[in-house]
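Structure record follows, encoded as structure tokens.
Only the coordinates and a few stated rules stand behind these numbers; no lab work does. Keep in mind the model is a prediction, meaning the values are calculated, not measured. Glycine gets a Cβ as well: all are built from the backbone with ideal geometry, and neighbour counts include every protein chain shown.
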Amino acid sequence: MSDNEKTQEELNQYLTFVLDNEEYGVPILSVRGIQGWEKTTPLPNSPDYVMGIINLRGEVVPIVDLRKRFDLEVIPYGAHTVVIVVRIEQENKQRTVGLVVDAVADVHDINDEDMRKTPEFGEKMRNEFVRGLGLIDEKMVIILEIDELVDWQKVPGGDQVLSTKETTEDETENELVATEAA
Amino acid sequence: MSSTGINDSGMDEIRVIFETECNDGLDVIEAGLLALEGGDDNLDTVNDIFRGAHSIKGGAATFGYTNIAEFTHVMETLLDKVRAEELAVSPPLVKIFLESVDCLRAMVETMGGGSYDEEKTEKVKVELESWLDKVPNSESPVAAIEPGSDTESAMKAPESRCWKINFVPKNSFLLNGNQPQYIFRALAELGKVSLKPNYSNLPPFKEYKPEEMYISWEIELEANVDKAQILEEFDWVESECLVEVNEEKRPQIENYDRRAEDSRSADSSSGRRKQSRRGAKKDSGSIRVDIDKIDSLLNLVGEMVINQSMLNNQFNNSSNSEEAFASSNVELEQSLSLLERTTRELQEAVMKIRMLPVSTTFNRYPRLVYDLSSKLDKHVELKITGENTELDKTVLEKIGDPLLHLIRNSLDHGIESPEQRIAAGKDETGTIHLSASHEGGSVMIRVSDDGAGLNTKKILKKAIEKGLVSKDDTPSEQQIHDLVFHAGFSTAEVVTDVSGRGVGMDVVRNNIEEIGGRVDVHSEAGKGSTFQITLPLTLAILDGQLIQVGGEVYVIPLLSIVETVQVNMDRINVISGSGIIYRLRGEAIPVVDMRKLYNITGADALDSYEGKQLVIVESERRSIGLVVDGLLDQHQVVIKSLETNFIKVPGILGATILGDGTVSLIIDVTTLSAPISNDKTNRLEH
């Protein structure tokens with residue numbers, strides 16, 4: 001297999017994970033690693049879906065809870081809870097972010113012809129996070145637009161965020177029982 | 001713009017180098033001119049200026065920036081007259097030269113694109129030319145600079161030599177962009193040139209290829225130069241041509257011109273080399289590093305590699321047997337401590353790469369003082385000491401503007417007019433002293449003047465007017481002095497365009513605190529004032545006090561901590577609507593609860609403060625007390641920016657990784673001073 005073909009194949013590979021009984025996928029080339037949930041250092045004055053920061057081989061990396069990000073029901077972190085570390089690109093700047101998901105599922109090849117446009121999701125999830133839908137046999141995987149997922153530039157100033165953050169005062173509890181999103 | 005310039009993107013890099021060289025050259029010229037203005041009549045200074053102009057001209061011509069080359073040429077010709085003492089150095093002459101430097105700077109800046117004020121440039125050029133016209137063409141020097149010993153030796157014009165150069169370019173000469181006329185022009189600068197082209201190699205027209213070179217030349221050069229200097233001009237095209245240089249004995253008459261030309265060419269190459277060694281330009285993304293620093297890095301890395309193999313060895317040995325394991329343990333410990341030392345040295349060496357002498361920033365100010373003092377009709381001398389003190393590049397870049405403000409301020413408000421100074425029994429010329437020095441782990445920069453000092457009465461009056469101080473208060477002298485750092489405060493009676501718009505001092509303070517430094521003022525009426533800036537050596541590492549709040553460990557920069565006291569409940573007062581106050585030695589210190597500020601668990605009631613620690617930090621000249629659960633170690637911490645992967649978080653300076661691998665947040669003390677005033681009040685109460 002030549003290098004070219006390989007890259008082409010990798011381009012169509014997606015790492016999928018489970019979130020609230022739904023399967024989501026991210027391009028495998030953007031994944032830097034998968035690790036278990038560990039305690040984070042909470043960041044004050046930040047959006048509630050930012051669980052804090054961790055030390056990833058000397059780099060300080062923010063951790064985002066995807067359930068909170070998607071306004072899904074918040075559940076306690078368990079044995080399967082994992083952090084998928086991805087590289088995202090924003091304004092020509094590479095950033096590393098950890099995503100907390102329920103569990104890792106699989107790696108799938110999804111060709112362009114098996115990709116569908118995003119239908120309207122209504123309230124459950126905002127469309128800007130979704131790149132498209134991937135069909136795998138009878139199954140459907142939601143392919144995420146990870147660069148949009150955590151657009152830090154759109155994060156409002158800390159002071160405003162702070163006022164909506166009252167419910168997350170209890171940071172230590174997040175380790176076991178994530179609190180209700182604001 | 002008539003310049004053709006280097007437009008090809010591949011040449012961008014060369015352009016940048018040329019630009020840096022031009023700027024270095026202009027710095028030399030400017031420094032020299034200011035020295036002349038200051039009464040320095042050393043011919044060396046004139047020579048330095050001349051060399052600077054000469055290399056810019058040479059470079060500009062080579063790279064095709066005809067506008068720069070033409071402009072510098074006029075400058076150079078006029079400078080040559082100064083060198084030959086046909087023209088005396090006078091303030092108006094220095095002024096027009098300084099203006100030319102400004103024009104050149106603008107031209108150099110716009111080399112990569114953009115436009116400069118052509119009209120003004122043309123005006124300056126015309127003025128320079130008019131100075132040239134003033135120089136009589138006679139050989140007798142007009143009122144010149146005091147002839148020193150230097151000049152006398154130069155007056156003895158040496159014999160001129162006549163050279164015959166046989167210049168045969170290869171056919172491919174033109175393909176690399178070489179132009180014979182550039183070489184001829186360069187030779188013409190050495191002396192009188194006459195060319196005899198040889199067309200004998202020209203092919204018949206049908207075989208003629210326009211991109212090839214068929215002509216050769218016989219060049220006669222009358223100049224007092226040696227062979228090497230002539231060959232130097234052919235350096236660029238060495239591989240593309242054959243050059244033969246032979247001397248013909250022939251006496252010369254025109255003594256005068258040659259002397260000037262001679263020393264010029266002899267100096268130009270060494271001058272260029274000297275300039276390229278100068279420090280890197282401000283605001284540039286690249287940095288020029290001393291080769292010694294890189295060598296020491298290499299050495300340390302080498303040591304580390306050896307260290308690693310030692311450790312490997314010991315590990316292998318230790319697994320052989322029980323006894324070996326026991327004995328190798330000692331060795332292992334030694335190796336580890338060696339590794340630790342090497343690592344620390346390596347870290348220091350890497351930090352040193354970012355260090356630049358403060359002169360790179362200080363060099364801007366003599367010009368500023370010159371311009372301002374003539375504008376304000378004051379006599380001011382700028383003394384600079386400790387310009388070799390090194391500072392982190394980032395710190396250095398950020399200190400430029402605050403210093404500019406301070407010097408401007410000293411000039412405008414501090415130093416009195418000559419009449420006032422004489423009346424006060426002082427020297428007519430005021431002095432501003434700019435100094436830098438290492439003190440402990442920080443760098444001190446001081447701006448002192450011998451002017452009138454801060455006018456306490458005026459400041460206090462203004463402060464009361466603006467409602468910063470209540471009428472009944474009796475602040476101490478120092479407290480009054482500190483008021484100048486207050487936003488919107490200016491005591492200049494007349495708002496000048498130099499300073500006095502009431503922005504400035506508070507901006508100075510903010511900028512300095514932003515980079516983790518602090519600024520203080522000491523002033524004595526009638527004797528002058530001193531502004532003292534304390535800066536951290538680097539922005540990458542800071543001395544931190546680790547503190548514990550809730551389950552979390554935070555870092556407070558040690559530099560901002562004044563003291564730590566145990567909370568005594570009797571000293572706490574709750575002022576409704578504005579927060580909590582702690583009374584300490586008659587001072588009321590606002591208290592910030594870290595738990596509430598950073599949303600940490602268990603934001604408890606007031607009475608839980610008993611027995612806790614109150615860390616008093618100072619920011620923007622105000623003391624603030626931070627309630628923390630406990631004090632931990634003091635550590636040097638490496639600052640990791642949150643912005644690398646996230647965004648800037650208000651109240652947080654950055655993060656650091658502690659010895660156990662966990663991440664800890666560094667508290668940005670400067671943002672703490674706001675809570676009492678507005679938005680964060682709510683935070684305290686919610």
Distance between the range B:75-95 and the range B:509-552 - C-alpha centres, whole angstrom
46 Å
Once you place label points 7 Å from the Cα toward the Cβ at B:Ser608 and B:Arg571, how far apart are they in nm?
2.2 nm
Kindly write out, for the range B:198-210 in residue order, the coupling ³J(HN,Hα) from the Karplus curve 6.51 cos²θ - 1.76 cosθ + 1.60 (θ = phi - 60°), rounded to whole Hz, with x marking Gly and Pro.
10, 9, 5, 8, 4, x, x, 4, 5, 8, 5, 10, x
Where a ≥ b ≥ c are root eigenvalues of the Cα gyration tensor, a/c under 1.5 meaning rounded, otherwise prolate if a/b exceeds b/c and oblate otherwise, the range A:19-97 counts as rounded
Other chains' Cβ within 10 Å of A:45-55 residues: what's the mean?
4
Averaged across the residues of B:552-561, what count of C-beta atoms belonging to other chains lies within 10 Å of each residue's C-beta?
1
Phi to ³J(HN,Hα) by Karplus 6.51 cos²θ - 1.76 cosθ + 1.60 over the range B:446-461, Hz, x for Gly, Pro:
10, 10, 10, 10, 9, x, 7, x, 6, 8, 4, 4, 5, 4, 5, 4
Using mean Cβ contacts within 10 Å as the protection proxy, how do B:233-243, B:541-551 order, highest first?
B:541-551, B:233-243
Extended-chain gain in nm, criterion 0.36 nm per residue less alpha-carbon gap, B:Ser359 and B:Arg622
91.5 nm
Report the calculated FRET efficiency for B:Asn198 and B:Ala228 (r = Cβ-Cβ distance, R0 = 22 Å), to the nearest 0.05.
0.30
Burial-style ranking of B:461-468, B:476-483, A:141-148, average other-beta-carbon count within 10 Å with highest first, yields A:141-148, B:476-483, B:461-468
By the gyration tensor of its Cα atoms, with a ≥ b ≥ c the square roots of the eigenvalues, what is the shape of the range B:291-353: rounded for a/c under 1.5, prolate for a/b over b/c, or oblate?
prolate
Segment A:Val74-A:Ala105, extension gain: residue separation times 0.36 nm, minus the distance between their alpha carbons
9.2 nm
Under 5 Å from the placed amide H of B:Val225, counting only residues 5+ away or on other chains, we find B:Arg161
Extended-chain gain in nm, criterion 0.36 nm per residue less alpha-carbon gap, A:Ile136 and A:Asn12:
43.4 nm
Taking the Cα-to-Cβ direction at A:Asp114 and at A:Gln35 and moving 7 Å from each Cα, how far apart do the two end points lie in nm?
3.1 nm
Ranked packing of B:185-192, B:34-41, most packed first, by mean Cβ within 10 Å:
B:185-192, B:34-41
Karplus couplings for the range B:638-644 from phi (6.51 cos²θ - 1.76 cosθ + 1.60, θ = phi - 60°), rounded to Hz, Gly and Pro as x?
8, 7, 10, 6, 6, 6, 4
Any residue on another chain or 5+ positions along whose placed amide H is under 5 Å from the amide H of B:Leu537 is listed here as B:Val443
The set of residues whose placed amide H lies less than 5 Å from the amide H of A:Ile34, leaving out same-chain residues fewer than 5 positions away, is A:Val85
Please find the FRET efficiency linking B:Lys164 to B:Lys206, where r is the Cβ-Cβ separation and R0 is fixed at 25 Å, and quote it to the nearest 0.05.
0.15
Residue by residue through B:636-646, how many Cβ atoms from other chains fall within 10 Å of the Cβ on average?
5
Ranking B:Pro197, B:Pro180, B:Leu242 by how far each Cα lies towards the positive end of the charge dipole of the range B:161-251 (+1 on Lys and Arg Cβ, -1 on Asp and Glu Cβ), the top one is B:Pro197
Provide the FRET efficiency to the nearest 0.05 for the B:Lys120-B:Glu587 pair, computing r from the beta carbons and using R0 = 45 Å.
0.20
Label zone at B:Glu109 (point 7 Å along Cα-to-Cβ), backbone N below 20 Å, the range B:390-419:
B:397-405, B:408
Pairs over 30 Å Cα to Cα, from B:Lys352/B:Lys596; B:Lys134/B:Lys375; B:Lys378/B:Lys462; A:Lys68/B:Lys648; A:Lys39/B:Lys596, come to B:Lys352/B:Lys596
Backbone N within the range B:19-37 under 15 Å of label point (7 Å from B:Ser374 Cα along the Cβ vector)
B:30-37
Take the alpha-carbon centre of the range B:623-646, take the same for the range B:293-362, and report the distance between them in whole Å.
28 Å
Give me the one-decimal nm value for the distance between modelled label points at B:Phe315 and B:Glu331, 7 Å along each residue's Cα-to-Cβ direction.
1.5 nm
Shape parameters for the range B:319-451, alpha-carbon atoms, Rg then Dmax in Å
25.5, 91
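Rounded, prolate or oblate for the range B:359-536? Axes are the square roots of the Cα gyration tensor eigenvalues, ordered a ≥ b ≥ c, and the cut-off for rounded is a/c under 1.5.
Values: a/c = 1.72, a/b = 1.15, b/c = 1.49.
Because a/c hits 1.5 or more and a/b fails to exceed b/c, the range B:359-536 counts as oblate.
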